[in-house]
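The values are calculated or read from the model by the stated rules, or taken from the named source; none is laboratory data. The structure displayed is predicted, hence computed values, not measured ones. Side chains are part of the model used for accessible areas, which takes the heavy atoms of the whole protein and leaves out ligands, DNA and RNA. Shrake-Rupley method; radii C 1.70, N 1.55, O 1.52, S 1.80 Å.
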Amino acid sequence: MHPIERLRYVARSSGGDQRMLVRETAGALRGLGFDPAGLVVACRRIVERHPNSGPLWWLCASVLAAADPYRCAAALADAIEMDPTPDVLVDGLPDGATVCIVGWPDLIGEALLRRGDATVLAIETDEDAIGSTAFVRRLRHADVDAEVVPASGSAAAVLASDLVVIEAMASSATDLLATQGSRALASVAYCAEVPVWAVIGRGRCLPTPLFEAMGGRASTGTLPWESDTEIVPLVLSNWVARPDGVVPTADVSMQPECPMSYELLRSSAM
């Protein structure tokens, strides 16, 4: 595939594994050989099409600040492929736990499939009800006990769980951007004293202005309750699972994983 067509494919795609999106985007950018202005436009278009993908914002911000952007893109694609966060979850999740999640999260989903001993309660989302059902079906095929729970039953599911696990699409030092329904789940768990784990994989902790831009673009043109995503305060969690281990939230100091790129805050000419 020609690099320009590959980049258009990435820009048009939605959802999908975040590591795959980073790998495909990095490959497309490396193949383009753009001049600096062209690279800026390409990166803006990628994040405009994927306002919810923290790893793509991380990739684009890092590439635009790099002295050798194409080598940087290759290095970051390798880094996110080797993200140890699923390994951290596999090692850290309690044995035989009942785990409540929202939708089909990439990193948590991989860890639950590999562990095999959890009971999974997957809260159905309006955005991706089919995805939740498909995820539960995949878990069952791997002999993992799993149930799809309608959103109306989320509170009951929390009370029946040993822990709630929320995956961040992106994070700042104090907040997560997560799938709609995550904040309600974490809030119920917080009040019921059910442990909440916040999962923040590699490439998801951003400078505050980029994080705020993500949240603003994700909700543009929709009422708050119609958005696919929402902000979840980190203080609603008890533990943070990240590449370097599972850490009590009270001891966490979240640092941005990429430089600030003000170029990404401007719209591209479409």
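What the Kirkwood sum gives for segment 112-236 is a hydrodynamic radius of 15.3 Å, with every pair of different alpha carbons counted. Equivalent-ellipsoid semi-axes for segment 42-176 (Cα gyration tensor, √(5λ), whole Å, largest first): 32, 17, 13. Residues whose amide H comes within less than 5 Å of that of residue 175, counting only those at least five positions distant or on another chain, are 234 (H built at 1.01 Å from N in the peptide plane). Expressed per residue, the C-alpha convex hull volume of the chain stands at 121 Å³. Cα centroids of segment 43-83 and segment 91-116: 27 Å apart.
All Cα-Cα distances of segment 133-193, cut into 10 Å bins from zero to the largest, leave 19, 43, 32, 5 percent in each bin in turn.
Here, segment 32-114 yields an orientationally averaged convex hull projection of 6.9 nm² when only Cα atoms define the hull. Once the Cα-Cα distance is subtracted from the 0.36 nm per residue extended length, the residue 17 to residue 140 segment shows a gain of 42.3 nm.
Taking amide hydrogens as placed 1.01 Å from N in the peptide plane, the amide H of residue 119 sits under 5 Å from those of 97, 98, 99, each at least 5 positions away in sequence or on another chain.
Run the numbers for residue 192 and residue 65: contour at 0.36 nm per residue of separation, minus the present Cα-Cα distance, in nm.
41.3 nm
Relative to the dominant Cα principal axis of the chain, helix 36-49 is inclined by about 30°.
Read phi for every residue in segment 68-83 and hand back ³J(HN,Hα) as whole Hz from Karplus 6.51 cos²θ - 1.76 cosθ + 1.60, θ = phi - 60°, with x for Gly and Pro. Ordered by residue, 3J(HN,Hα) equals 10, x, 6, 5, 4, 4, 5, 5, 6, 4, 5, 5, 6, 5, 9, 3 Hz. Across the protein chains, with a 1.4 Å probe defining accessible surface, the residues 133, 25 rank 133, 25 from largest area downward. Between residue 253 and residue 235, full extension at 0.36 nm per residue minus the direct alpha carbon distance yields a gain of 5.3 nm. In the chain, the longest principal axis of the Cα atoms and the axis of helix 182-192 are about 30 degrees apart.
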